[in-house]
Amino acid sequence: MGINLLANIKMGPHRWNSVWMVLVILSAFRISDTFAKVYINELRVPQSVQNGTEDAVILDCDYTLETEDKNGLVVKWFFNKGGTPVYQWISKNKPQALGILRDRVDIKYKASEDSYKKHSGIKIIKPTTELSGEWACRVSSFASEATAASRMVVYAPPKEMEVTLVSPRPTLNSINISCWANGVYPEPRLTITLKNEKLEDVMHDSTWNDGAYDVRVSAVVQDEDIAELPAIFDCELKIPNTSYINRKSVLYGGPVVIVESANETSPASAPQFNKGRSTLLTWFNIILVLAVNMKIFGIS
(Lines give C-alpha, C1' and ligand atoms only; values in the text may rest on other atoms or scores of the structure.)
Protein backbone atom coordinates (compact mmCIF):
# COMPACT_ATOMS: atom_id res chain seq x y z
CA MET A 1 0.00 0.00 0.00
CA GLY A 2 2.83 2.38 0.93
CA ILE A 3 4.61 1.66 -2.39
CA ASN A 4 1.48 2.47 -4.40
CA LEU A 5 0.99 5.76 -2.55
CA LEU A 6 4.64 6.75 -3.12
CA ALA A 7 4.38 5.85 -6.79
CA ASN A 8 1.43 8.19 -7.26
CA ILE A 9 3.26 11.19 -5.76
CA LYS A 10 4.43 13.72 -8.36
CA MET A 11 7.93 14.87 -7.60
CA GLY A 12 8.12 18.61 -7.40
CA PRO A 13 9.04 21.49 -5.16
CA HIS A 14 6.87 20.04 -2.40
CA ARG A 15 7.79 16.40 -2.91
CA TRP A 16 9.29 15.99 0.56
CA ASN A 17 6.12 17.29 2.18
CA SER A 18 4.16 14.69 0.23
CA VAL A 19 6.51 11.92 1.31
CA TRP A 20 6.12 12.99 4.93
CA MET A 21 2.32 12.84 4.64
CA VAL A 22 2.54 9.31 3.25
CA LEU A 23 4.71 8.23 6.17
CA VAL A 24 2.20 9.65 8.63
CA ILE A 25 -0.64 7.76 6.90
CA LEU A 26 1.34 4.52 7.00
CA SER A 27 2.05 5.01 10.70
CA ALA A 28 -1.66 5.50 11.35
CA PHE A 29 -2.47 2.23 9.58
CA ARG A 30 0.17 0.43 11.64
CA ILE A 31 -1.23 1.81 14.92
CA SER A 32 -4.82 0.83 14.07
CA ASP A 33 -3.73 -2.69 13.16
CA THR A 34 -2.04 -3.22 16.55
CA PHE A 35 -4.50 -1.28 18.74
CA ALA A 36 -4.85 -2.95 22.11
CA LYS A 37 -8.16 -4.61 23.07
CA VAL A 38 -9.55 -6.19 26.24
CA TYR A 39 -11.73 -9.27 25.68
CA ILE A 40 -13.96 -10.79 28.37
CA ASN A 41 -13.98 -14.47 27.49
CA GLU A 42 -16.47 -15.64 30.13
CA LEU A 43 -18.32 -14.34 33.15
CA ARG A 44 -18.97 -17.13 35.65
CA VAL A 45 -21.71 -16.21 38.12
CA PRO A 46 -23.89 -18.81 39.93
CA GLN A 47 -27.43 -18.65 38.57
CA SER A 48 -29.05 -19.53 41.89
CA VAL A 49 -27.89 -20.14 45.47
CA GLN A 50 -30.06 -21.18 48.41
CA ASN A 51 -29.83 -18.75 51.29
CA GLY A 52 -27.77 -20.02 54.22
CA THR A 53 -26.49 -23.18 52.52
CA GLU A 54 -23.15 -22.07 51.03
CA ASP A 55 -20.03 -21.04 52.95
CA ALA A 56 -18.92 -19.03 49.91
CA VAL A 57 -19.59 -18.47 46.20
CA ILE A 58 -17.18 -17.42 43.45
CA LEU A 59 -17.89 -14.75 40.84
CA ASP A 60 -15.22 -15.02 38.15
CA CYS A 61 -14.34 -12.71 35.27
CA ASP A 62 -12.05 -14.35 32.71
CA TYR A 63 -10.49 -12.02 30.14
CA THR A 64 -7.72 -11.74 27.57
CA LEU A 65 -5.27 -8.84 27.46
CA GLU A 66 -2.97 -7.56 24.74
CA THR A 67 0.46 -6.40 25.88
CA GLU A 68 -0.57 -2.75 25.76
CA ASP A 69 -3.60 -3.45 27.97
CA LYS A 70 -1.43 -4.48 30.89
CA ASN A 71 -0.68 -0.84 31.56
CA GLY A 72 -3.18 0.70 33.92
CA LEU A 73 -5.20 -2.51 34.37
CA VAL A 74 -8.23 -2.11 36.65
CA VAL A 75 -10.98 -4.68 37.37
CA LYS A 76 -14.24 -3.44 38.87
CA TRP A 77 -17.45 -5.24 39.84
CA PHE A 78 -20.81 -3.46 39.97
CA PHE A 79 -24.10 -4.55 41.56
CA ASN A 80 -27.57 -3.88 40.09
CA LYS A 81 -26.30 -1.27 37.62
CA GLY A 82 -24.99 0.97 40.38
CA GLY A 83 -22.53 3.67 39.39
CA THR A 84 -20.11 2.90 42.22
CA PRO A 85 -18.11 -0.35 42.23
CA VAL A 86 -18.60 -2.81 45.08
CA TYR A 87 -15.24 -4.47 44.36
CA GLN A 88 -12.11 -3.04 42.79
CA TRP A 89 -8.67 -4.35 41.97
CA ILE A 90 -5.93 -2.16 40.53
CA SER A 91 -3.12 -4.30 39.16
CA LYS A 92 -0.19 -4.72 41.58
CA ASN A 93 -2.35 -3.44 44.46
CA LYS A 94 -4.57 -5.08 47.05
CA PRO A 95 -8.26 -5.53 46.10
CA GLN A 96 -10.98 -3.53 47.87
CA ALA A 97 -14.50 -4.63 48.86
CA LEU A 98 -16.90 -1.69 48.99
CA GLY A 99 -20.55 -0.93 49.69
CA ILE A 100 -22.74 -4.02 50.01
CA LEU A 101 -19.65 -6.28 49.83
CA ARG A 102 -17.71 -4.57 52.60
CA ASP A 103 -16.53 -7.22 55.12
CA ARG A 104 -18.22 -9.94 53.05
CA VAL A 105 -15.37 -10.85 50.68
CA ASP A 106 -12.26 -12.99 51.09
CA ILE A 107 -9.68 -10.40 50.00
CA LYS A 108 -6.92 -13.06 49.93
CA TYR A 109 -8.72 -15.15 47.30
CA LYS A 110 -6.72 -15.64 44.09
CA ALA A 111 -8.66 -16.23 40.88
CA SER A 112 -5.45 -17.02 38.95
CA GLU A 113 -1.70 -17.31 39.31
CA ASP A 114 -1.41 -14.90 36.40
CA SER A 115 -0.32 -11.61 37.98
CA TYR A 116 -2.69 -9.73 35.64
CA LYS A 117 -5.71 -11.84 36.67
CA LYS A 118 -4.76 -12.56 40.26
CA HIS A 119 -7.68 -10.78 41.98
CA SER A 120 -10.14 -10.49 39.09
CA GLY A 121 -12.73 -12.74 40.80
CA ILE A 122 -14.72 -12.34 44.01
CA LYS A 123 -15.17 -14.89 46.79
CA ILE A 124 -18.32 -13.85 48.67
CA ILE A 125 -18.67 -15.29 52.17
CA LYS A 126 -22.07 -16.74 53.14
CA PRO A 127 -24.22 -15.07 50.46
CA THR A 128 -27.68 -13.92 51.55
CA THR A 129 -30.82 -12.80 49.73
CA GLU A 130 -29.88 -9.11 49.53
CA LEU A 131 -27.11 -10.10 47.10
CA SER A 132 -29.64 -11.22 44.50
CA GLY A 133 -29.41 -9.18 41.32
CA GLU A 134 -27.23 -8.28 38.36
CA TRP A 135 -23.45 -8.49 38.69
CA ALA A 136 -21.25 -6.73 36.13
CA CYS A 137 -17.49 -7.05 35.61
CA ARG A 138 -15.63 -4.18 33.94
CA VAL A 139 -12.01 -4.63 32.82
CA SER A 140 -10.22 -1.47 31.72
CA SER A 141 -6.74 -0.23 30.86
CA PHE A 142 -5.17 2.89 29.40
CA ALA A 143 -5.98 1.49 25.94
CA SER A 144 -9.43 -0.12 26.09
CA GLU A 145 -12.34 -1.40 28.19
CA ALA A 146 -14.85 -4.29 28.25
CA THR A 147 -17.90 -5.10 30.38
CA ALA A 148 -20.07 -8.20 30.88
CA ALA A 149 -23.02 -8.84 33.24
CA SER A 150 -24.98 -11.79 34.63
CA ARG A 151 -27.69 -12.37 37.26
CA MET A 152 -27.49 -14.33 40.51
CA VAL A 153 -30.49 -15.24 42.65
CA VAL A 154 -29.97 -15.99 46.34
CA TYR A 155 -33.32 -17.52 47.25
CA ALA A 156 -35.03 -18.46 50.49
CA PRO A 157 -37.52 -21.38 50.48
CA PRO A 158 -40.75 -20.91 52.45
CA LYS A 159 -40.52 -21.28 56.21
CA GLU A 160 -44.11 -22.55 56.16
CA MET A 161 -46.42 -23.76 53.41
CA GLU A 162 -49.88 -25.30 53.55
CA VAL A 163 -53.01 -25.90 51.46
CA THR A 164 -56.40 -26.36 53.12
CA LEU A 165 -60.14 -26.56 52.55
CA VAL A 166 -61.52 -23.48 54.24
CA SER A 167 -64.39 -24.01 56.66
CA PRO A 168 -67.23 -23.15 56.57
CA ARG A 169 -68.07 -23.70 52.92
CA PRO A 170 -68.88 -20.53 50.94
CA THR A 171 -72.20 -22.12 49.90
CA LEU A 172 -73.87 -25.52 50.16
CA ASN A 173 -72.61 -26.34 46.66
CA SER A 174 -69.06 -24.96 46.67
CA ILE A 175 -65.72 -25.20 48.43
CA ASN A 176 -62.92 -22.71 49.14
CA ILE A 177 -59.34 -23.91 48.66
CA SER A 178 -56.58 -21.79 50.17
CA CYS A 179 -52.80 -22.13 49.81
CA TRP A 180 -50.26 -19.98 51.63
CA ALA A 181 -46.51 -19.74 52.14
CA ASN A 182 -44.47 -17.51 54.47
CA GLY A 183 -40.88 -16.26 54.42
CA VAL A 184 -40.09 -16.76 50.70
CA TYR A 185 -37.60 -14.79 48.57
CA PRO A 186 -37.82 -13.66 45.84
CA GLU A 187 -41.58 -13.41 45.32
CA PRO A 188 -42.77 -16.87 44.26
CA ARG A 189 -45.51 -18.07 41.93
CA LEU A 190 -48.32 -20.01 43.62
CA THR A 191 -50.83 -22.02 41.59
CA ILE A 192 -53.69 -24.38 42.49
CA THR A 193 -54.44 -27.26 40.13
CA LEU A 194 -56.97 -30.06 39.79
CA LYS A 195 -55.83 -33.00 37.69
CA ASN A 196 -52.96 -30.84 36.39
CA GLU A 197 -55.40 -28.18 35.22
CA LYS A 198 -54.66 -24.74 36.65
CA LEU A 199 -57.59 -23.02 38.37
CA GLU A 200 -58.14 -19.66 36.70
CA ASP A 201 -60.42 -17.69 39.05
CA VAL A 202 -57.87 -17.36 41.84
CA MET A 203 -57.39 -14.56 44.35
CA HIS A 204 -53.75 -13.54 44.97
CA ASP A 205 -52.26 -11.73 47.95
CA SER A 206 -48.60 -10.90 48.59
CA THR A 207 -47.03 -9.05 51.53
CA TRP A 208 -43.42 -7.94 52.10
CA ASN A 209 -42.46 -8.92 55.61
CA ASP A 210 -39.00 -8.68 57.21
CA GLY A 211 -36.97 -9.23 54.04
CA ALA A 212 -39.21 -11.90 52.49
CA TYR A 213 -42.66 -12.48 51.03
CA ASP A 214 -45.81 -13.92 52.60
CA VAL A 215 -48.08 -15.09 49.79
CA ARG A 216 -51.56 -16.58 49.58
CA VAL A 217 -53.87 -17.81 46.82
CA SER A 218 -57.45 -19.02 47.14
CA ALA A 219 -60.16 -20.24 44.81
CA VAL A 220 -63.86 -21.09 45.09
CA VAL A 221 -64.85 -24.24 43.18
CA GLN A 222 -68.39 -25.39 42.51
CA ASP A 223 -69.19 -29.04 43.27
CA GLU A 224 -70.71 -29.43 39.82
CA ASP A 225 -67.35 -28.48 38.23
CA ILE A 226 -65.59 -31.41 39.92
CA ALA A 227 -65.97 -34.31 37.51
CA GLU A 228 -64.73 -37.08 39.81
CA LEU A 229 -64.61 -37.68 43.54
CA PRO A 230 -62.54 -37.87 45.60
CA ALA A 231 -60.58 -34.95 44.12
CA ILE A 232 -56.99 -33.99 44.93
CA PHE A 233 -56.14 -30.30 44.72
CA ASP A 234 -52.43 -29.47 44.39
CA CYS A 235 -50.75 -26.24 45.36
CA GLU A 236 -47.41 -25.62 43.63
CA LEU A 237 -44.84 -22.99 44.62
CA LYS A 238 -42.07 -22.00 42.21
CA ILE A 239 -39.30 -19.47 42.80
CA PRO A 240 -38.46 -17.63 39.54
CA ASN A 241 -35.04 -18.18 37.93
CA THR A 242 -34.32 -21.18 40.16
CA SER A 243 -35.09 -24.90 40.04
CA TYR A 244 -36.89 -24.76 43.40
CA ILE A 245 -40.42 -26.27 43.45
CA ASN A 246 -42.58 -27.22 46.44
CA ARG A 247 -45.97 -28.94 46.30
CA LYS A 248 -48.70 -29.56 48.84
CA SER A 249 -51.98 -31.42 48.32
CA VAL A 250 -55.41 -31.58 49.92
CA LEU A 251 -58.06 -34.24 49.42
CA TYR A 252 -61.73 -33.42 48.86
CA GLY A 253 -64.06 -36.38 49.23
CA GLY A 254 -67.25 -34.55 48.35
CA PRO A 255 -70.00 -32.87 50.36
CA VAL A 256 -70.98 -34.49 53.68
CA VAL A 257 -74.76 -34.33 54.05
CA ILE A 258 -76.10 -33.60 57.55
CA VAL A 259 -79.78 -34.34 58.16
CA GLU A 260 -81.09 -32.47 61.19
CA SER A 261 -84.04 -33.43 63.39
CA ALA A 262 -87.22 -31.34 63.33
CA ASN A 263 -86.45 -30.06 66.85
CA GLU A 264 -83.26 -28.34 65.64
CA THR A 265 -83.12 -24.98 63.90
CA SER A 266 -82.41 -25.34 60.17
CA PRO A 267 -81.40 -22.71 57.59
CA ALA A 268 -84.32 -21.29 55.66
CA SER A 269 -83.02 -22.86 52.47
CA ALA A 270 -82.57 -26.31 54.02
CA PRO A 271 -85.35 -28.94 53.70
CA GLN A 272 -87.34 -29.85 56.87
CA PHE A 273 -87.58 -33.43 58.13
CA ASN A 274 -89.94 -35.34 60.37
CA LYS A 275 -89.52 -35.23 64.15
CA GLY A 276 -87.41 -37.93 65.78
CA ARG A 277 -84.98 -38.45 62.89
CA SER A 278 -81.40 -38.34 64.16
CA THR A 279 -78.39 -36.79 62.54
CA LEU A 280 -77.17 -38.91 59.62
CA LEU A 281 -73.77 -38.70 57.91
CA THR A 282 -73.08 -40.04 54.45
CA TRP A 283 -70.86 -42.92 55.54
CA PHE A 284 -70.05 -43.78 51.97
CA ASN A 285 -68.13 -40.49 51.52
CA ILE A 286 -66.27 -40.93 54.81
CA ILE A 287 -65.18 -44.50 53.94
CA LEU A 288 -64.13 -43.33 50.47
CA VAL A 289 -61.95 -40.56 51.89
CA LEU A 290 -60.33 -42.96 54.37
CA ALA A 291 -59.63 -45.46 51.60
CA VAL A 292 -57.95 -42.85 49.40
CA ASN A 293 -55.83 -41.61 52.31
CA MET A 294 -54.73 -45.18 53.08
CA LYS A 295 -53.71 -45.59 49.45
CA ILE A 296 -51.77 -42.32 49.40
CA PHE A 297 -49.80 -43.08 52.57
CA GLY A 298 -49.23 -46.76 51.68
CA ILE A 299 -51.39 -48.20 54.44
CA SER A 300 -52.69 -51.65 53.52
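The values are calculated or read from the model by the stated rules, or taken from the named source; none is laboratory data. Remember, it's a predicted structure, so these values are computed and weren't measured experimentally. Every residue, glycine as well, gets a Cβ built from its backbone with ideal geometry; the counts of neighbours run over all protein chains shown.
Looking at the range 33-48, can you tell me whether even one residue there is acidic (Asp, Glu), without any contact (Cβ under 8 Å) to a residue 60 or more places away in the chain and surrounded by 14 or more Cβ atoms within 10 Å (Cβ to Cβ)?
No.
Taking Ser132, is it within 28 Å of Glu66 (Cα to Cα), among the polar types (S, T, N, Q) and either surrounded by fewer than 19 Cβ atoms within 10 Å (Cβ to Cβ) or outside the structural domain of Ser243 (by TED's automatic domain parsing) (or both)? Outline the logic, then answer.
Numbers: within 28 Å of Glu66 (Cα to Cα): no; among the polar types (S, T, N, Q): yes; either surrounded by fewer than 19 Cβ atoms within 10 Å (Cβ to Cβ) or outside the structural domain of Ser243 (by TED's automatic domain parsing) (or both): yes.
The answer is no for Ser132.
Only residues that are among the polar types (S, T, N, Q) and either under 30 Å from Gln50 (Cβ atoms) or at pLDDT 95 or above (or both): list them for the range 226-265, please.
Asn241, Thr242, Ser243, Asn246, Ser249
Only one of Val139, Val184, Val215 is crowded, with 16+ Cβ neighbours inside 10 Å and under 21 Å from Tyr63 (Cα atoms); which?
Matching residue, one of Val139, Val184, Val215: Val139.
Could you check the range 30-145 for strands (runs of 3 or more DSSP E) lying wholly inside it with 1 or more residues that are more than 19 Å from the chain's Cα centre (by Cα) and under 30 Å from Val184 (Cα atoms)? Before you say what the answer is, go through the steps one by one.
Numbers: elements: 39-44, 48-50, 56-64, 74-79, 87-90, 122-125, 133-140.
Those strands (runs of 3 or more DSSP E) span 56-64, 74-79, 87-90, 122-125, 133-140.
Considering only residues that are of a type in the set (A, V, I, L, M) and surrounded by fewer than 16 Cβ atoms within 10 Å (Cβ to Cβ), which ones fall in the range 64-97?
Filtering the range 64-97 for residues of a type in the set (A, V, I, L, M) gives 65, 73-75, 86, 90, 97.
If the condition is that a residue be of a type in the set (A, V, I, L, M) and surrounded by fewer than 16 Cβ atoms within 10 Å (Cβ to Cβ), then Ile90 is the only one that fits.
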